[in-house]
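Enquirer: Sharing a structure, written as structure tokens. Questions coming.
The values are calculated or read from the model by the stated rules, or taken from the named source; none is laboratory data. This one's a predicted model, so the numbers in the text were calculated from it and none came from an experiment. All Cβ positions, even for glycine, are placed from backbone atoms using ideal geometry, and neighbour counts span all protein chains on display. These accessible areas exclude ligands, DNA and RNA; they are computed on the full protein's heavy atoms, side chains included. Shrake-Rupley method; radii C 1.70, N 1.55, O 1.52, S 1.80 Å.
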Amino acid sequence: MPDVLTVKVQTDSDSFQEVVVKIERPTCKKPFLGGFRNMRTGVEFHNAGSQTRGQKRPDKGIQLFCRETQTVWGKNKPQQTRNTTSTQMTKIGLYVSNMTDKLISPGKYFTAEEYHRRRLEAVIVLQKYFRRWHAINVVQNLREQKRLRLAWEAQEELRKKREREEKFRREYERKLNPKTKEDFELLYHDLELWIQEEIERINRTLTGAERKAALCELLEQETQLIACFERHKLNANEENQQKVILHLLDKCAQPKRWRAFDGKITEMDTRDILRARELLEIYRSISTEGIPKDERRDVLLTLRYTVKELDCKLTQEIVELIDREVDLMTRAVKECNLEGLRKRICTLFLQCIKIPEFNPEVARLLKVPQDPLKLYKNIYFCHSCENYLPSTEFLIPANSHTIGRCRLCYKLDNEARWRESFLKYRLLLENLRKSEADYEDDSKIVSFVQLPDLQYMIENIWNSQSALSAWSELYDLVMVRWDKQHEWSPWNTILLTKEEADAHLKLCNLEKAYEAGFIYRIKQKHIRAKNYFAHIPAMSSFLHRSDNQANANSYKTQDSSVK
């Protein structure tokens, strides 16, 4: 298409005028605006747009973007539709029945004030019934809570009664069949209580020669009871000795365990562990009674082959005793006549098992070290029994300046004179250490406290009773932290019953929960405990640290009060 076109334009009915039209070339491609196609001829017609140049916006030096929206403008207009109705009246020639008609008469007119008053009365009635319904529900809930509370209290009372009965039954069973040191402590303690009661009765009722005769008879009964206790103790020691031996051999045969990075436990059996396990099986076999002769002969042959690996005087004696028993069994000797020989074989074989050259795993479990130089370390002299013993055999209280007597001498002295039972204090100490281990905050002070220290704290500082309810049954008492944010110490503790301890540990603010007088009494007991443990070098660092924490807390409290 040329740039200039000449177009004839009709200006009048008979006249035409030529007009020169300049064609402006588009600088950009025109958008497609749609169109249509003639179905008959197939010619396509496109919708044309205007060629008017739009006005350009002034350039502000900032790149602008616009976004067209497709918002539809709506308009709402209500419209009432027509509903044509008609009525039919009675007239001449038409009858309309009035059986279903209603007679409407105007009522009494009431004002707006009367209307609102009636509404208020109706609302009051509704509120009255709602409040009644709500009160019934509240009372029912309170009644249900009371029922549950009474049921819980009855259940707790029944549980405490059963625990008390079970505790008495266990104590009675332990006293009837004593097996451990704690059982004999209970027996001697009850014996001392009975003797004191009898002496008081004799002094109150008898005088002169009758009193002396009654006291002599009481002394004779006490002597007989002590002899009976000692016989039971010998029998219990025989039973416990076999358990101790099997426990030692079982520890030697345990595999080595360690925890992997994924939390799984890995076990490993070394050659020495397999050796210890083989010796354990042999010892169990030769110490078993009532097995047939053929099996007994096979066990003795296995033992003979095993001990021959170590050539010494002890193994040679074991081999001789094995040959002797096999010879006696061949001659059909009775089983009862072989008991002494078999016990001797078991004893000598146990001694052989405790030799590290024969059983290497037993070296780490022996009390007496194999290296003589180690005997000079942590060995102390007991002035009572005049024996040199390791430090673990001495019960050293916190206020002690010297080593003193060993555990066995303390035990003999207690059985002979005081006859006190430390089972309750031992249970208290065990529960305290378990509860501190559950905190997992690296509490160290509880490991320094020994049984005499705890006994002194309970008897002299806390008067053997709960600080809240004054309950004096030690089986029901526990020691917990006074301030649970800090580790347990004798100056951060309180003696309570188990239920009171659970409620105490749930408290967040002790000053708001307890009265000032009660807190002052607890603080005074903590000061007495500090004075008791102050001269111990191991406790001095913990004392200084607790004082620094107390000073820091007091400074914070003062700052907060000033603000």
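Enquirer: Using a Förster distance of 30 Å, how high is the FRET efficiency between Glu320 and Leu350, based on the Cβ-Cβ distance and rounded to 0.05?
Expert: Using R0 = 30 Å, I get an efficiency of 0.95.
Enquirer: Choose one of His535, Thr330, Thr90: the residue whose Cα lies farthest towards the positive end of the charge dipole of the chain (beta-carbon charges +1 Lys, Arg; -1 Asp, Glu; about the Cα centre).
Expert: Comparing the listed Cα positions along the dipole, Thr90 ranks first.
Enquirer: Further question on the same structure: Calculate, for region 381-493, the solvent-accessible area per residue in square angstrom, rolling a 1.4 angstrom probe over the heavy atoms of the protein chains.
Expert: I get 53 Å² per residue for this part.
Enquirer: Using the 2.2 N^0.38 Å rule of thumb for compact globular proteins, work out how the chain stacks up: its C-alpha Rg over that value, please.
Expert: 2.12
Enquirer: Another one. Per residue, how many Å² of accessible area does region 181-251 show with a 1.4 Å probe?
Expert: For region 181-251, the solvent-accessible area averages 67 Å² per residue.
Enquirer: Across 5 Å bins from 0, what is the distribution of all Cα-Cα pair distances for region 269-312, in whole percents?
Expert: 5, 20, 27, 22, 16, 8, 2
Enquirer: Under 5 Å between amide hydrogens, which residues at least 5 positions from Val480 or on another chain qualify, with H placed 1.01 Å from N in the peptide plane?
Expert: Amide H neighbours of Val480: Ile494, Leu496.
Enquirer: Still on this structure, I have one more. With label points built 7 Å along Cα→Cβ from the Cα atoms of Val125 and Ser13, find their separation and express it in nm.
Expert: So the two model labels end up 9.4 nm from each other.
Enquirer: Rounded to the nearest 0.05, what FRET efficiency is calculated for Lys523 and Leu176 with R0 set to 41 Å and r the Cβ-Cβ distance?
Expert: The pair Lys523/Leu176 has a calculated efficiency of 0.35.
Enquirer: For region 336-489, what % of the accessible area comes from carbon and sulfur atoms, probe 1.4 Å?
Expert: Answer for region 336-489 is 52 percent, counting heavy atoms of protein chains only.
Enquirer: For the chain, what is the relative contact order in percent, using Cα pairs closer than 8 Å and at least 6 residues apart in sequence?
Expert: 7 percent
Enquirer: Taking the Cα-to-Cβ direction at Leu206 and at Lys160 and moving 7 Å from each Cα, how far apart do the two end points lie in nm?
Expert: Simple spin-label model gives 4.2 nm for this pair.
Enquirer: Per residue, how much accessible area does region 265-366 have with a 1.4 Å probe, in Å²?
Expert: Here the per-residue accessible area is 59 Å².
Enquirer: Report the charge-dipole magnitude of the chain in Debye, nearest 20, computed about the Cα centre from +1 at each Lys and Arg Cβ and -1 at each Asp and Glu Cβ.
Expert: Charge dipole of the chain: 3840 debye, to the nearest 20.
Enquirer: Dipole size in debye (nearest 20) for region 181-251 around its Cα centre, Lys and Arg Cβ +1, Asp and Glu Cβ -1?
Expert: 120 debye
Enquirer: Using only the alpha carbon atoms of region 181-251, find the Kirkwood hydrodynamic radius as the inverse mean reciprocal pair distance, in angstroms to one decimal.
Expert: Mean inverse Cα-Cα distance, inverted, gives 14.6 Å.
Enquirer: Towards the positive end of the charge dipole of the chain, with charges on Cβ (+1 Lys, Arg; -1 Asp, Glu), say which of Asn137, Pro78, Asn431 has the farthest Cα.
Expert: Pro78
Enquirer: What net charge do the residues around Leu328 carry, taking every other residue with its C-beta under 14 Å from that of Leu328, with Lys and Arg at +1 and Asp and Glu at -1?
Expert: +2
Enquirer: So, one more: Rounded to the nearest 0.05, what FRET efficiency do Ser464 and Leu505 give with R0 = 22 Å and r taken as the Cβ-Cβ distance? Could you check?
Expert: 0.50
Enquirer: Mind ordering 133-146, 265-278 by average Cβ neighbours within 10 Å, highest first?
Expert: 265-278, 133-146
Enquirer: Put Leu495, Leu389 in order of accessible area, largest first, 1.4 Å probe: what do you get?
Expert: Ranking Leu495, Leu389 by accessible area, largest first, yields Leu389, Leu495.
Enquirer: Starting from the Cα-Cα distance between Thr266 and Val4, subtract it from 0.36 nm times their residue separation and give me the gain in nm to one decimal.
Expert: Length gained between Thr266 and Val4: 84.4 nm.
Enquirer: To continue, here is another question. Students often check this: by mean Cβ neighbours within 10 Å, which of 460-469, 37-46, 251-260 ranks highest, and how do the rest follow?
Expert: 460-469, 251-260, 37-46
Enquirer: Next question, about the same structure. How much length is gained if the chain between Arg433 and Leu148 is pulled fully straight, taking 0.36 nm per residue apart and subtracting their Cα-Cα distance, in nm to one decimal?
Expert: 99.1 nm
Enquirer: Follow-up question, since we're still on this one. For region 238-327, which whole-number percentage of the solvent-accessible area (1.4 Å probe, protein heavy atoms only) is attributable to carbon and sulfur atoms?
Expert: 50 percent
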